[in-house]
1. Name the residue that is farthest from the chain's Cα centre (by Cα), counting only residues in the range 12-51 that are surrounded by fewer than 14 Cβ atoms within 10 Å (Cβ to Cβ) and among the charged types (D, E, K, R).
2. What about SER60, is it of a type in the set (Gly, Ala, Ser) and at pLDDT below 90?
3. When the residues of the range 63-97 are filtered to those that are of a type in the set (Lys, Arg) and surrounded by 11 or more Cβ atoms within 10 Å (Cβ to Cβ), which remaining residue is modelled with the lowest pLDDT?
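The values are calculated or read from the model by the stated rules, or taken from the named source; none is laboratory data. Computed from a prediction, not measured in an experiment: that's the story for all the values here. Glycine also receives a Cβ, built like all others from the backbone with ideal geometry; neighbour counts cover every protein chain displayed.
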Amino acid sequence: MSKHPTKVEVSAGDRYGDWLVIAETERKVCPSGRSHRMVLCRCLLCETTCSEVALGNLRSGHSKCCVNCAMTSGHIRLSAFQTEKRARAFAMERSNEELQRLLKAVTAELGERQL
């Protein structure tokens, strides 16, 4: 007897939470060797995000919408590590912008002479 005696049918137009199924795609095989049925979905909240989602996550309710919408609505929160990582990346990006602005100002002041 197989582990999954009946295959769950998925059709375009099915709705799981705020995901709208567009089509079933190829199975994804994890490094552990397990394979997951994947479904291409569109998020109905933002109507712009299309993503491949594991069918098991749709059926169990673990995935209800895209990550951006889930963060905006407060369904998920970043861990302290993720928050710190994003803050560092933002600070680095910001400091690079400031350095670029200063470099342009200095270059303009020197009349584009080489330092």
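1. ARG34
2. no
3. ARG86
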